[in-house]
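Here's the structure we're looking at; comments come further down.
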Amino acid sequence: MTEESRKLKREHARLVREKQKIEREIEELKKGQSKPRCGLCGKTENLTRTECCGNWICDDEGKYVLFSYATNSCHRNHRRYTLCGCHYANDHKGRWQDCPDCRDFKTEMYVWYGTNEYNFEKLDNPPSFRPTFCHSCHKRIRLGTDGYSLSPDGNYFCESCAERKFGRLV
Ligand SMILES: [Zn+2]
Ligand SMILES: [Zn+2]
Ligand SMILES: [Zn+2]
Ligand SMILES: [Zn+2]
C-alpha cells in the first residue's frame, strides 16, 4: 500500500466515525423531542400542564416554601408573574395578547409580565413605557425585578432609599 492510499484509508475511517457520531446525536435529539419537557426550564420529570395555556410545566408548587419569596417554581412563576397566568386567574375574556383588561397593569409591569422568562410565548411589540426612577436618588428601578417601595403619595423609592427613609423593609 502506498503512503497516499494509507492516508486516504485513515481519512475514510475518520469520516465514518464522524458520521456515526452525528447519527447518534440526531437519534438522541429525536428521543429528547418526543418526550414532554417543561417549556420554561426543560426538565422532563414530574410535569403537569398549565391550566391557563395547556403547556407542559414542572409540577413544582409543592416545593415552594411559604413566605420564602423564592422564585424557583416554574408553575408558580408562570401563574403569578405572567399575563397568561393573571389573565386566566382573573377570568378575562379572549386571548391575553390582546386583552384590554390586562392593560390595567402599569405599562412597565404589563411589559415585564408579558416578556419575562416565565412566558412560553412572549408579547409581540410590547408598548414603550416611561422607566421608573427612585424619587430620592433617581436610580432606575426595574419594577419587575428590583425591590422598591411605593409611598402613599405615589412615589417610588429604591430599596436602599426606602430603608433609609422608612426603616428596614419586611
Ligand atoms: Zn420547569
Ligand atoms: Zn399560561
Ligand atoms: Zn386579560
Ligand atoms: Zn434611591
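The values are calculated or read from the model by the stated rules, or taken from the named source; none is laboratory data. Remember, predicted model here, so these are calculated numbers, not experimental data. Ideal geometry is used to build each Cβ from the backbone, glycine not excepted, and the neighbour counts take in all protein chains shown.
When GLU159 is tested against (1) acidic (Asp, Glu); (2) within 25 Å of LEU40 (Cα to Cα); (3) more than 21 Å from the chain's Cα centre (by Cα), exactly one condition is not met: (2).
Taking first residues from region 120-137 that are farther than 11 Å from GLN97 by Cβ and in contact (Cβ under 8 Å) with a residue 12 or more places away in the chain and partners that are assigned to a loop (DSSP other than H, G, I, E, B) and within 16 Å of ligand 4 (Cβ to nearest atom), the Cβ contacts under 7 Å between residues at least 6 apart in sequence or on separate chains come to THR132/LEU143; PHE133/LYS139; HIS135/ASN155. Listed here are the helices (runs of 4 or more DSSP H) enclosed by region 53-170 that have at least 2 residues being surrounded by 12 or more Cβ atoms within 10 Å (Cβ to Cβ), at pLDDT 95 or above and hydroxyl-bearing (Ser, Thr, Tyr): 107-115.
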